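The values are calculated or read from the model by the stated rules, or taken from the named source; none is laboratory data. What you see is a predicted model, and the numbers here were worked out from it, not measured in a lab. Using ideal geometry, Cβ is built from the backbone for each residue, glycine included, and neighbour counts are taken over all protein chains shown. What goes into the accessible areas is simple: the full protein's heavy atoms, side chains included, and nothing from ligands, DNA or RNA. Shrake-Rupley method; radii C 1.70, N 1.55, O 1.52, S 1.80 Å.
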Amino acid sequence: MNIILLAPPAAGKGTQSLKIVSKYGLTHISTGDLLRESLKRHDELSDQIREVMNRGALVSDEIILRLIEDVMSSTEHGIIFDGFPRNLNQAKKYEELLTKLGQSIDLVLYLEISKEEAEKRIVGRRTCSNCGKVYNTMIEREKPLHEETCDVCETALTHREDDNVSVFRLRYETYMNETEPLIHFYEEKGLLKRIDASLESEEVFHSIVEVMDSLI
Ligand code: AMP
């Protein structure tokens, strides 16, 4: 099963991907995570990528599509993409790639959340650099048990460089201009399912399970 998670920034793509992976055993590919990983190299390309990410814009399609081709050539069928495709060109190129491989998209989950709710979530977001679990220090039910440490694996939590209000607003604008048109694109193909992502994360996951189980 090939799934795409489509959502504005801070709607919970990362959290829901982890839950989906642990229930359905798909391979989770987050282009944001792959890019953040590449920033550790500190070369010319990573400097360019950092600059683009820190102004809330999209990294070039050329770089992203190269990453995707690498990942798909080394991964079995059954991927959940989180943060890809991010514009119409990427969506069309992804379709071409799947066609070449004799595969198709089974489902696009659109996590719906208002800009106000997303902005509230972004400032407190912390991520475990080891297991990927996401916390929020501003939301009571999502706080870690011990400040700045993962409840699951006790690794120090990290704060993403681009998680601040000013970069969030730029990322949201980029989302509205570039990514939002994909809603219509996938709706027309009959692949899009809307999920209310303003709810508590377990409730959001429950809605996702309902949709996924109806397809299996
Ligand atoms: P995310 O972790 O999905 O919120 O992505 C963080 C940042 O990485 C985005 O704001 C973009 O700068 C960049 N990025 C992630 N995925 C893509 C993509 N598919 N195309 C272009 N840029 C991306």
The lone condition Val167 fails out of (1) open to solvent by 50 Å² or more (accessible area, probe 1.4 Å); (2) within 16 Å of the ligand (Cβ to nearest atom) is (1)
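Going by the conditions given, is Ile195 of a type outside the set (Ser, Thr, Tyr), away from the ligand (no atom under 16 Å from the Cβ) and either closer than 30 Å to Asp106 by Cα or open to solvent by less than 30 Å² (accessible area, probe 1.4 Å) (or both)? Steps first, answer last, please.
Values: of a type outside the set (Ser, Thr, Tyr): yes; away from the ligand (no atom under 16 Å from the Cβ): yes; either closer than 30 Å to Asp106 by Cα or open to solvent by less than 30 Å² (accessible area, probe 1.4 Å) (or both): yes.
So Ile195 passes the test.
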Return a yes/no flag: does the stretch 101-110 have any residue that is more than 10 Å from the ligand (Cβ to nearest atom), among the aliphatic types (A, V, I, L, M), surrounded by fewer than 19 Cβ atoms within 10 Å (Cβ to Cβ) and farther than 27 Å from Ile195 by Cα.
-> yes
Just for the stretch 28-42: of the residues that are of a type in the set (A, V, I, L, M, F, W, C) and within 26 Å of Met1 (Cβ to Cβ), which one is nearest to the ligand (Cβ to nearest atom)?
-> Leu35
So, of the residues in the stretch 43-62 that are in a helix (DSSP H, G or I) and within 17 Å of Thr179 (Cα to Cα), which turns out to be farthest from the ligand (Cβ to nearest atom)?
-> Glu62
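Have a look at Thr155, Thr179 and point out the one that is open to solvent by less than 30 Å² (accessible area, probe 1.4 Å) and either under 17 Å from the mean Cα position of the chain (by Cα) or hydroxyl-bearing (Ser, Thr, Tyr) (or both). Talk me through it step by step, then tell me what you get.
Numbers: Thr155 fails: open to solvent by less than 30 Å² (accessible area, probe 1.4 Å).
Selected residue: Thr179, the only one of Thr155, Thr179 that is open to solvent by less than 30 Å² (accessible area, probe 1.4 Å) and either under 17 Å from the mean Cα position of the chain (by Cα) or hydroxyl-bearing (Ser, Thr, Tyr) (or both).
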Tally of residues being buried (at least 17 other Cβ atoms within 10 Å of the Cβ) and of a type in the set (A, V, I, L, M, F, W, C) across the stretch 35-60 = 5
